[in-house]
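The values are calculated or read from the model by the stated rules, or taken from the named source; none is laboratory data. Just so it is clear, the structure is predicted and the values come from calculations on it, not from any experiment. Here the Cβ positions follow ideal geometry from the backbone for every residue, glycine too, while neighbour counts run over all protein chains shown.
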Amino acid sequence: MRLAYQYRLLPTAQQSAEMDRWLDMLRHAYNWLLADRFDWYEQNRCPINACPLICSIAEPREQPDYYSQKRGLVLLKRERPWYADINAQVLQDMVKRVKLTFDRYLKGDSNGQRSGKPRFKGKGRYRSFTYPQVEANPIQGNRVNLSKIGALRLIQHRPLPDGFDIKTAIISKKADGWYVTLTLEDKAVPVFSSEVEPNWDNSVGIDVGLEKFASTSDGNFEPIPQHFRSSEEKLARLQQKVSVAKKGSRARKLLIRKVAKLHQKIARQRKQFHFEVAGRILNKADMVFVEDLNVKNMSRRAKPKQDEAGKFLPNGQAAKSGLNKSIADAGWSQFIDILTFKAEKAGQRVVRVDPKGTSQHCSACLNKVPKELSERWHSCSYCGNEMDRDTNAAILIKKVGLGIATLKNAQRTSVRREARAVS
Ligand SMILES: [Zn+2]
C-alpha cells in the first residue's frame, strides 16, 4: 500500500536559493527536450495530401524517446557543467516528465483520455522536482537529508507511520513556501484485501452535481459549503484588480502573490471538504457506487429551451457555467480519488459505473422520463414516482452498480443521437 505524507520545509536562504536555481535549470532542460520532440515531428510528418513536390529531405534522425533523451543528459552536463550540481536522478526524473506529458498527449492515459499539446513552461511554472529514490532514513530529528541540497529543516506535524519505507521525495514550491512530499510503501499491507459482496443494504449510490455537491441514494444531500462561494468571489475581485494594475508594477506583483495564496487556500478548503464528505459516505455503506466521470460529458452546454411564443426559458446553463462550475469541476475527480483512497484503507470498495441515462430514467419503473437540466424534480407519469432528480439518479446509479437495472434503452437512444451528430 502506498501513502503520501507532506511536510512544510524551512530551508535556509541559501538552500532556498539553490532549490530555486535547480527549478529554473530543470525548467530550461525540460523545455529544450520538449522542443526536441516537437522538432522531430515537424521534420518527419508529411500529410499524404499535402506533400510538397519540392522539399528538402533532411537526414532522417532517430525519434527522440525517453532513453535517447536520458542519454543526452551526459552531453548536457558536458556542455553546461553547472547541471552537474543537480542530483543525477532528479535530472533523469525531469526527462521522465517529458516522456509522460508526451505519452498523455499522443496515446492518452490508462482510460484513453488524451491531454492537450504539451506546453513550454514559463518562469515560475516548473514548481517541483522529484527524488525517485531516497536514502534509507532521510529524516533525522527535525531535518530531512536530501542529496546535493543537504539537511533541510522540516515541520513534522505528524509522525510517519511505522513499517513503511520511504520511496520517493518530491520537493515543491507553493505560494507560501517549500514542501516535501514523501511517498511511503508497506509491502506487508496489500492494496485491497477485503472482498465485499455488494447487496442492497450495504451499498450506496452517489450522484455528483452542480447544484448539490453530492446526492446519495438514501435521499440525503451534501451541499456545496457557503465558504467556497465567498472565497471564489474574493478571488474574482482580486483577479479583476490584477487585470487593471500596471504591468511590472510592485502593486501588481503583490496582488499576484495574494491571488496565488488564495488559490492555495481554496484548494485546501476543497480537499478538507472532500475528506469530510468521503468520511460521511463511507460511514453509511461498505460499497459505494459512483458515476464514472470519464464517461459523463461534463462540459457540454445545456440545450436552449423556448416556450410556445419563442421566448427563451431558463435551461440550467447558468448552473453549468459560473462560480458553481469552477468549484465543482476541479473537485469531482479529486473527490472520487479521495473516496477510493479512504475506502481502500478501510477495506471498503468504490466502484465506478457508467452513468449513461441515470438522470433520464425513473429509478422505480426504469421508464424514460426525459428532463432538462433546469428541472430539479423527478415526476414519473408511468408509476407516479416523485422525488428529487438527483436522488433518483443516485438510486439508479446504485441499481446499475448492483446489476439490478440495465439502461439499454438509454444507450440505444444516445447512439442514435451520436450517429445524427456525425451525419
Ligand atoms: Zn416510474
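Here is the figure for the stretch 156-166: residues that are surrounded by fewer than 10 Cβ atoms within 10 Å (Cβ to Cβ) and assigned to a strand (DSSP E or B) total 0. Just one residue in the set Ser381, Ser363 is more than 29 Å from the chain's Cα centre (by Cα), within 10 Å of the ligand (Cβ to nearest atom) and in contact (Cβ under 8 Å) with a residue 24 or more places away in the chain; that residue is Ser363.
Regarding the stretch 340-357, can at least one residue be identified that is assigned to a loop (DSSP other than H, G, I, E, B), crowded, with 20+ Cβ neighbours inside 10 Å, more than 16 Å from the ligand (Cβ to nearest atom) and of a type in the set (S, T, N, Q)? Scanning the stretch 340-357 turns up at least one residue that is assigned to a loop (DSSP other than H, G, I, E, B), crowded, with 20+ Cβ neighbours inside 10 Å, more than 16 Å from the ligand (Cβ to nearest atom) and of a type in the set (S, T, N, Q).
Residues in the stretch 366-378 that are within 13 Å of the ligand (Cβ to nearest atom) and either of a type in the set (D, E, K, R) or at pLDDT 90 or above (or both): Lys368, Lys371, His378. The set of residues from the stretch 1-16 being part of a loop (DSSP other than H, G, I, E, B) and either without any contact (Cβ under 8 Å) to a residue 40 or more places away in the chain or under 15 Å from Leu146 (Cβ atoms) (or both) comprises Pro11, Thr12. The requirement of being within 20 Å of the chain's Cα centre (by Cα) and not small (Gly, Ala, Ser) is satisfied by Lys107.
Is it the case that the stretch 297-317 has a residue that's at pLDDT below 90, touching a strand residue (DSSP E or B) at 6+ places or on another chain (Cβ under 7 Å) and surrounded by 13 or more Cβ atoms within 10 Å (Cβ to Cβ)? For the stretch 297-317, residues at pLDDT below 90, touching a strand residue (DSSP E or B) at 6+ places or on another chain (Cβ under 7 Å) and surrounded by 13 or more Cβ atoms within 10 Å (Cβ to Cβ): present.
Under the condition of being more than 16 Å from Asp176 (Cβ to Cβ) and surrounded by 15 or more Cβ atoms within 10 Å (Cβ to Cβ), the residues counted in the stretch 2-25 number 7.
Within the stretch 117-139, the set of residues being modelled with pLDDT of 90 or more and polar (S, T, N, Q) comprises Ser128, Thr130, Gln133. Out of Ala151, Ala136, Ala169, one residue alone is surrounded by fewer than 13 Cβ atoms within 10 Å (Cβ to Cβ), free of Cβ contacts under 8 Å to residues at least 60 places away in the same chain and over 19 Å from Gln334 (Cα atoms). It is Ala136. Of all residues in the stretch 182-223, which are closer than 30 Å to Ile139 by Cβ, at pLDDT below 90 and either buried (at least 17 other Cβ atoms within 10 Å of the Cβ) or acidic (Asp, Glu) (or both)? If the condition is that a residue be closer than 30 Å to Ile139 by Cβ, at pLDDT below 90 and either buried (at least 17 other Cβ atoms within 10 Å of the Cβ) or acidic (Asp, Glu) (or both), then Leu184, Glu185, Asp186 are the ones that fit. Counting the residues of the stretch 92-125 that are in contact with a strand residue (DSSP E or B) (Cβ under 9 Å, 6 or more places away or on another chain) and on the phi < 0 side of the Ramachandran plot gives 4.
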